[in-house]
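Working notes, structure below.
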Amino acid sequence: MIDPELSEEAHFKEGDEHEHNTEYDHEAFVGKDQARQFEELTPEQSKERLGKLYDKVDKSGDGKVTEEELKDWIKFTQKRYVWEDSEKQMKQSDQNKDGHVTWDEYKNTTYGFMEDEEHSDGASSYKDMVARDQRRFTKADKDKDSKLNSDEYTAFLHPESDDEMKGIVVEETLEDIDKDKDGKISLDEYIGDLWPEEERTKGEEPEWVKTEREQFQQFRDTNKDGFMDKDETSAWIMPDDFDHVTSEAKHLIQESDADSDGFITKQEMVDKYDLYVGSQATDFGEALKNEHIEL
């Protein structure tokens, strides 16, 4: 599946489009990398750090965070995670340190330890993973020089963040869910991806699964042929008419704007600290360490 930050489904808990997913809120606001740090913080420590972070979100410095300021911060956080992750991984993969990553360099650093799989029971799975990455690598090589510069490598690692690469995300999602490999997603495959076999043995079908069946039949399968094809899958995971950043900013304001004036004060944000950071917060701690960070 694609990165949760891009999925409409990720805004809500499974099967309930009226109950917001707090983990999504945390990741949208602070990023994805520092979750363990926040699992160790007390509520008071979280509030203290959130108060410091507020000053970075409030770019105007007027003590009132607007929807636009929240949107800018969320965009910054998402881009920052992509940049830092790509930079870190490029340092590992660029073995000759020439500022580019060739396919051989990537394959060696990523799959080198799995070479023995070519002669084991896992050979098919190994070959499938390599072939999939090579296809994505070729797509990301926009200048067709058989190596990826930093921008191309970022597109390779995070195709959901690059307009020209989003098609590959749809292809990979389709392949993941399409178990019988007929090029489309059936209702059973769709439900099976959301409700794994091991969970089905624990009791009767949950209400949210029934809701998802209805969602598939009413909204996902738009041509009513009983399947989701490539275009329908794309509309599901990357709807053109859904602005995730704006939706998230509006949600955060709605949930924490206690006096309903359309702004968030520092106290209002701190009072709702678990909405912004909680136990699943990530890039937040790193942001506070780097006092030089600017939006």
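The values are calculated or read from the model by the stated rules, or taken from the named source; none is laboratory data. Model, not experiment: these values are computed from the prediction. Quick reminder, even Gly has a Cβ in these numbers, built from the backbone with ideal geometry, and neighbours come from all protein chains shown.
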Over the range 54-83, the set of residues assigned to a helix (DSSP H, G or I), polar (S, T, N, Q) and more than 15 Å from the chain's Cα centre (by Cα) is none
What are the residues in the range 256-280 that are in contact with a helix residue (DSSP H, G or I) (Cβ under 8 Å, 6 or more places away or on another chain), assigned to a helix (DSSP H, G or I) and without any contact (Cβ under 8 Å) to a residue 60 or more places away in the chain, if any?
256, 268, 271
May I ask you to list the residues in the range 84-98 that are part of a helix (DSSP H, G or I) and surrounded by 13 or more Cβ atoms within 10 Å (Cβ to Cβ)?
84, 85, 86, 89, 90, 93
Restricting attention to the range 150-171, does a residue exist that is more than 30 Å from residue 86 (Cβ to Cβ), among the hydrophobic types (A, V, I, L, M, F, W, C) and surrounded by 14 or more Cβ atoms within 10 Å (Cβ to Cβ)?
no
Testing residue 224 on (1) surrounded by 18 or more Cβ atoms within 10 Å (Cβ to Cβ); (2) out of contact with any strand residue (DSSP E or B) (no Cβ under 6 Å at 6 or more places or on another chain), one condition comes back false. Which one is that?
(1)
I'm told residue 147 meets every condition in (1) within 29 Å of residue 76 (Cα to Cα); (2) surrounded by fewer than 16 Cβ atoms within 10 Å (Cβ to Cβ) except one. Can you identify the failing condition by its number?
(2)
Residue 175 passes all but one of the listed conditions (1) touching a helix residue (DSSP H, G or I) at 6+ places or on another chain (Cβ under 6 Å); (2) part of a helix (DSSP H, G or I); (3) not hydrophobic (A, V, I, L, M, F, W, C); the exception is number (1)
Residue 186: modelled with pLDDT of 90 or more and touching a strand residue (DSSP E or B) at 6+ places or on another chain (Cβ under 7 Å), yes or no?
yes
Would you mention how many residues in the range 183-224 are closer than 21 Å to residue 171 by Cβ, small (Gly, Ala, Ser) and not in a helix (DSSP H, G or I)?
2
Output the residue which, of all residues in the range 186-204 that are more than 24 Å from residue 225 (Cβ to Cβ) and of a type outside the set (Ser, Thr, Tyr), is surrounded by the most Cβ atoms within 10 Å (Cβ to Cβ).
200
Here the residues within the range 191-229 that are modelled with pLDDT under 95 and in contact with a Phe, Trp or Tyr (Cβ under 6 Å, 6 or more places away or on another chain) are 209
Can you pull out every residue in the range 172-185 that is surrounded by 13 or more Cβ atoms within 10 Å (Cβ to Cβ) and closer than 20 Å to residue 224 by Cβ?
174, 177, 178, 184, 185
Anything in the range 40-54 that is charged (D, E, K, R) and either touching a helix residue (DSSP H, G or I) at 6+ places or on another chain (Cβ under 8 Å) or buried (at least 18 other Cβ atoms within 10 Å of the Cβ) (or both)? List them, or say none.
47, 49, 52
Filter the range 271-295 down to the residues that are buried (at least 17 other Cβ atoms within 10 Å of the Cβ) and of a type in the set (Val, Ile, Thr), then identify the one that is modelled with the highest pLDDT.
277
Just one of the numbered conditions (1) within 30 Å of residue 44 (Cα to Cα); (2) modelled with pLDDT under 90 is not true of residue 267; which one?
(2)
Residues being at pLDDT 95 or above, closer than 18 Å to residue 172 by Cα and of a type in the set (Ser, Thr, Tyr): count how many of those fall in the range 111-146.
1
